[in-house]
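Here is the structure we will look at, set down as structure tokens.
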4 protein chains.
Amino acid sequence: MAHTISKISKMAFLMTLRKARRSFSSSTRVLSSQPAVGFVGLGNMGNHMARNLLKKGYPVVAYDISQESLAALKKDGASVAGTPAEVAKGVTKLVSMLPASAEVQEVYAGKDGIFSTVQKGTLLLDSSTIDPSVSQDMAAKAEALGAVFMDAPVSGGVNAARDGVLTFMVGGPEGSFAEAKELLDNLGKNIVHCGAVGTGQGAKICNNMLLAISMIGTSEAMNLGIRLGLDPKLLASVLNTSSGRCWSSEIYNPVPGVVQGVPSGNDYKGGFGTALMMKDLGLAQNAASSVKANTPLGAAALQIYRTMVNHGFGGKDFSSAYLFLQEQDKSK
Amino acid sequence: MAHTISKISKMAFLMTLRKARRSFSSSTRVLSSQPAVGFVGLGNMGNHMARNLLKKGYPVVAYDISQESLAALKKDGASVAGTPAEVAKGVTKLVSMLPASAEVQEVYAGKDGIFSTVQKGTLLLDSSTIDPSVSQDMAAKAEALGAVFMDAPVSGGVNAARDGVLTFMVGGPEGSFAEAKELLDNLGKNIVHCGAVGTGQGAKICNNMLLAISMIGTSEAMNLGIRLGLDPKLLASVLNTSSGRCWSSEIYNPVPGVVQGVPSGNDYKGGFGTALMMKDLGLAQNAASSVKANTPLGAAALQIYRTMVNHGFGGKDFSSAYLFLQEQDKSK
Amino acid sequence: MAHTISKISKMAFLMTLRKARRSFSSSTRVLSSQPAVGFVGLGNMGNHMARNLLKKGYPVVAYDISQESLAALKKDGASVAGTPAEVAKGVTKLVSMLPASAEVQEVYAGKDGIFSTVQKGTLLLDSSTIDPSVSQDMAAKAEALGAVFMDAPVSGGVNAARDGVLTFMVGGPEGSFAEAKELLDNLGKNIVHCGAVGTGQGAKICNNMLLAISMIGTSEAMNLGIRLGLDPKLLASVLNTSSGRCWSSEIYNPVPGVVQGVPSGNDYKGGFGTALMMKDLGLAQNAASSVKANTPLGAAALQIYRTMVNHGFGGKDFSSAYLFLQEQDKSK
Amino acid sequence: MAHTISKISKMAFLMTLRKARRSFSSSTRVLSSQPAVGFVGLGNMGNHMARNLLKKGYPVVAYDISQESLAALKKDGASVAGTPAEVAKGVTKLVSMLPASAEVQEVYAGKDGIFSTVQKGTLLLDSSTIDPSVSQDMAAKAEALGAVFMDAPVSGGVNAARDGVLTFMVGGPEGSFAEAKELLDNLGKNIVHCGAVGTGQGAKICNNMLLAISMIGTSEAMNLGIRLGLDPKLLASVLNTSSGRCWSSEIYNPVPGVVQGVPSGNDYKGGFGTALMMKDLGLAQNAASSVKANTPLGAAALQIYRTMVNHGFGGKDFSSAYLFLQEQDKSK
């Protein structure tokens, strides 16, 4: 779930946004019967999502800080815009997929941002995973302008984005959900209305916190059992037919060779990076602080993933928790 | 999974074992075509297991420190013995179900213990959940006497014991597993050979450590989500169709009203007690220390369950982790 | 270190700030040879600090949301202002002592805030304990207006504020430190220049995180030792003459009766509240996230103090960690 | 505090003990007016302690599994014995200094152990750091033989052992403490009677648990502060004049260059090894489990030191917690 624009420094991104003055591509022709959809953020996830909209016949007006990403999407039929504001000018539906809270604030509320041109009645769907309070702030600003902002973070990863089978957790007004779902049905197979704005982020954050805890727990249990003499596959089968069963033990087991086709069997390449899990766990801790929710294991999980990032595991799949925990003293 | 004998102080138990000199019940008559089976430990779990053996036609020779438990089983057809040694004298197959390592050591290796009379070729199946190193020690002593000791801890709880659908995790020599399975098939539906002696305990301990971590993690995630404004059932459904899914979120959700028929809906009564989970997590930490396995979340889970026991949650089901974590400051 | 204004809801505070239009007290006459000093925030700490400035001959121009606090200080010789902006108009030196980041942002950068009237060359000393990044943001805004903002959080508590023996940890330009120290010398006995703006907060946060960890650690060690049969005073004396020695074990022991004159001997009343420690630990975690610093025990300490607050310990001194940890199951 | 005999495998040690049949050195001549003292365990600590007894005029009868250590001590005037039993035969005072519980059990209660020959009225002082329950068990066995066993673990390290300035924490009968103190005064400067047998261990364990927590806490606070822009020496001076002050921040600061003459300034060589701290933290967790004492930070500290050992820090001083925690992602 890395994003192209996260590869470029945030500073550069913001400078570009401020300086961008290229005019809206004059070649844009919207022949489709579907309404045009704006798309901001063509990273690893967003570029697949925008392409799926094109495939389903939606004219797409796109913006990204990366000219290559924009050019590639233009080849596939999209119109390109020079700023988020230019995107917003031409559409009444818009999807954004950005790395973090700061980019969402800049793209929506910054100079040349969406809010500077957004039309009344526009539906803004933000699929970024960010702080729920930022989503609520953006929604309030949108409402003041007569638009509707909904948070719609996803689960499922790059392959699910490509195959259009993402899960969307949507927060926002009940009355706008049908319109949101109609659009998101083109990008995912499971569109859930979670409640008021911010609850989509809440659901995503809670899921990923539990996922991190389960993954570390699975890694600890597998490592302990193996050191006690158990065969990894047999131990996994015991867990998976018993009360220890979880997605991490069953579908995405972190011990190489137990499950086929997952990152643990490919040197922990691909999948969902440890640095991204660290980010989501940080969001969960912020949210927990804001409502004084006790999260002893969630807090410990953040520290463990941060230790892993600091020790060079940031680019590996988050199931590399097992790799980190199973390390043994070589001096003996 | 509490045991009758655990209700009596361990000191009294050991004194009784030492002083017991009642002779083997002279009324014992074995008419069945099945071989006699010894049974030591008629607690909440053991009394159901022994009754299931009787129902399947096995003559049972039983011992427990509680005279009531013994008398009740005698009414149902069992023979009763005055000491573990007397049990062992009359059988070549024996099952034990005891509260902890100390009782296992006393019942097998203590005065008037099983090892003082065990016959060559006897199969000893210990279903207690104890330290794997104690299982290994008992197995070595049994081997020296020409008998075979296997650890065979269970998962499934009192109802599964009553209904004969327990899972047995068996550790011991491959060559004896068929004989063990033949007997245990009368008590459970899933009999797994885990490897050498001690690995049954290892599998049980690993499962319960992961279970505790998942349960606390589910409690944290549900509590955080609810405080962020999510409906509990909707949040559970998001988790259960996503990567946070685990047995604790799906089958045994700790938030009242989310799943029917589990302890969270009945004031956390019944089920698997917090004090017993604390015990199993202590065994996991001992085992982890012995092999220097890192278990940061397992260690934290033990501390959380110990805090709960110290704050009066010992008798509640272990899903009461949610009850403990969701507490809010009433002064505001 | 609670503040009067924290007793009133933040909402009310902000509303008052916006509505306040009372004119600057016309009776203000500055006869002293000392320059006038502005003071914003007359809570438990601030009211002592402002009084100490009056005692040392400084004319004080004060503002607080609480009219009682303002009236009381006026009796003692201060001038009172209707808004922070009015305070700033009349002074070139100003001290603020506020509950949290949001109040600092409002008092300085909000409507009728200090920045709306601040004169060039004014020295602004903020003694609140807040997020270092907010201090840095305020300093940048001040610099743009030709003023100097320094963070100057304190350690020492209410008694030290009253007695003028606080420690100030000051962050800001080297060239302004002498002027800051000259003023703060009237309020404290130890004025430390920590480095660039924000480092005062950094030093404070680091100290309090280590303090919380040491206090919980001392509570754990004392509780364990007492349960193992050691006399509390004897155990404390062993720790205090050995490598376990810390401020919490030696000066502020959390076990009642070990040290005289501390909150543990007075039912944990007075001192530094658990809710305030929770707040500082939250700041530490935010700061740690911002620089990706590993703080496994700091994160655990936050969770423990949050659990305590959620269980009704928020108003007790933070040494009540011992009270929470020593709880025992009464059912046995 | 490593021991020579810990360098040889425990198995070899026990085999040697069992096979040893060398006769008591016939050349032993006791000319001193002081009574002979037995000494078992001539490791890094024990060899200095035994030498100090010799210097003070006590005839010493020594045993160690290492022939070199024995030969070296013989050169310095000690008599040597072939087994612990031979040592016990010739003395009425005996000191032992062994690596762990298993060695203490073997040396006292094993074949050719002290209890096989101990004379009535003998005072046995065990300075090993072991499980308090093992100390209690040894004391009960000694009492049955008419001897007195006291636990007397030390703090202070190798240099303090050499210089005779150790602290001894002594557990055992009040009536025997004077005799114990008279002997231990030759080896240390601070001899504390902690209470009944086992409380010496309890005090030692509690001190070292608090020490580990403080050291990790200091490492976290220093690392966080440094990343926030604070100078290490300045930050340490703030902590050390404030409430975060502890032995680890003041005397033994883990950041290189802050304090002179400590392991952090010498690549974390020397001092008290991480693997030994891990061992003591394991004893603390065992003791805490036995009395159901909550030790959330103690448990976390054990996991952190175990992680460090598993990642190759076992031989470094325990202040290398800073080295482990300050690691940063090099990929960025």
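Numbers for the structure displayed
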{"quantity": "Residue with peak Gaussian network fluctuation, chain D [Cα springs, cutoff 10 Å], from D:Ile205, D:Ile213, D:Ile226", "calculated": "D:Ile226"}
{"quantity": "Kirkwood hydrodynamic radius of the stretch D:202-325, Cα pairs, Å", "calculated": "14.6 Å"}
{"quantity": "Order of C:Arg51, D:Arg162 - criterion: other Cβ atoms within 10 Å of each residue's Cβ, fewest first", "calculated": "D:Arg162, C:Arg51"}
{"quantity": "Amide H contacts under 5 Å for C:Val95, placed H, 5+ residues apart", "calculated": "C:Gly38, C:Phe39, C:Val40, C:Leu125"}
{"quantity": "Across D:Lys56/D:Lys189; A:Lys55/B:Lys233; A:Lys111/A:Lys181; A:Lys89/A:Lys189; C:Lys189/C:Lys233, pairs whose alpha-carbon gap is larger than 26 Å", "calculated": "A:Lys55/B:Lys233; A:Lys111/A:Lys181; A:Lys89/A:Lys189; C:Lys189/C:Lys233"}
{"quantity": "Per-selection metrics, the stretch A:140-201 (Cα): Rg and Dmax in Å", "calculated": "11.9, 37"}
{"quantity": "Per-residue [θ]222 nm for chain A (sum of -39500 (n - 2.57) over DSSP H runs n ≥ 4, rounded to 500)", "calculated": "-14000 deg cm²/dmol"}
{"quantity": "Anisotropy class of the stretch D:235-297 from Cα gyration tensor, a/c 1.5 cut", "calculated": "oblate"}
{"quantity": "Centroid-to-centroid separation of the stretch C:299-323 and the stretch A:140-214 [C-alpha atoms, Å]", "calculated": "36 Å"}
{"quantity": "Estimated FRET transfer efficiency when R0 is 30 angstrom, pair C:Lys56-D:Gln260 (beta carbons, to 0.05)", "calculated": "0.15"}
{"quantity": "Shortest-first nm distances, B:Glu174 label point to equivalent points in other copies (7 Å, Cα→Cβ)", "calculated": "6.4, 6.4, 7.5"}
{"quantity": "Per-pair calculated FRET efficiency, R0 = 51 Å: C:Glu182 and B:Lys233 via Cβ, rounded to 0.05", "calculated": "0.20"}
{"quantity": "Fraction of beta bridges assigned by DSSP in chain A that are antiparallel (%, nearest 5)", "calculated": "15 percent"}
{"quantity": "Axis-proximal residue, chain A, for the rotation superposing A on B (Cβ, Å)", "calculated": "A:Cys246, 2"}
{"quantity": "Label-point separation, B:Gln328 to A:Ala140 (7 Å along Cα→Cβ), nm", "calculated": "2.0 nm"}
{"quantity": "Likely footprinting exposure, C:Ser249, C:Ser289, A:Ser242, D:Ser237, fewest C-beta neighbours within 10 Å first", "calculated": "D:Ser237, C:Ser289, A:Ser242, C:Ser249"}
{"quantity": "Max mean-square fluctuation residue, GNM over chain A, Cα-Cα springs under 10 Å, options A:Pro296, A:Pro254, A:Pro84", "calculated": "A:Pro296"}
{"quantity": "Most mobile listed residue (D:Val80, D:Val197, D:Val238) in chain D, GNM with C-alpha springs under 10 Å", "calculated": "D:Val238"}
{"quantity": "Prolate/oblate/rounded call for the protein assembly as shown, Cα gyration tensor, a/c under 1.5 rounded", "calculated": "oblate"}
{"quantity": "Debye intensity ratio I(q)/I(0), log10, the stretch A:25-116, q values 0.14, 0.15 Å⁻¹ (C-alpha model)", "calculated": "-0.42, -0.48"}
{"quantity": "Across the identical copies, how the B:Pro232 labels are spaced - nm, sorted shortest first, 7 Å along Cα→Cβ", "calculated": "3.9, 3.9, 5.1"}
{"quantity": "Relative contact order of chain B, defined on C-alpha pairs under 8 angstrom at six or more residues apart (%)", "calculated": "12 percent"}
{"quantity": "Distant alpha-carbon pairs in chain B (separation over 37 angstrom), percent", "calculated": "21 percent"}
{"quantity": "Charge dipole (debye, nearest 20) of the protein assembly as shown; +1 at Cβ of Lys and Arg, -1 at Cβ of Asp and Glu", "calculated": "40 debye"}
{"quantity": "7 Å along Cα→Cβ, label-point gaps from C:Lys120 to other copies, nm, shortest first", "calculated": "4.7, 9.9, 10.8"}
{"quantity": "Neighbour-count order for B:Met308, B:Met215, fewest beta carbons within 10 angstrom listed first", "calculated": "B:Met308, B:Met215"}
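Values quoted throughout were computed directly from the atomic coordinates according to the rules given, and no laboratory measurement underlies them. Remember, it's a predicted structure, so these values are computed and weren't measured experimentally. Every residue, glycine among them, receives a Cβ derived from its backbone with ideal geometry; neighbour counts consider all protein chains shown.
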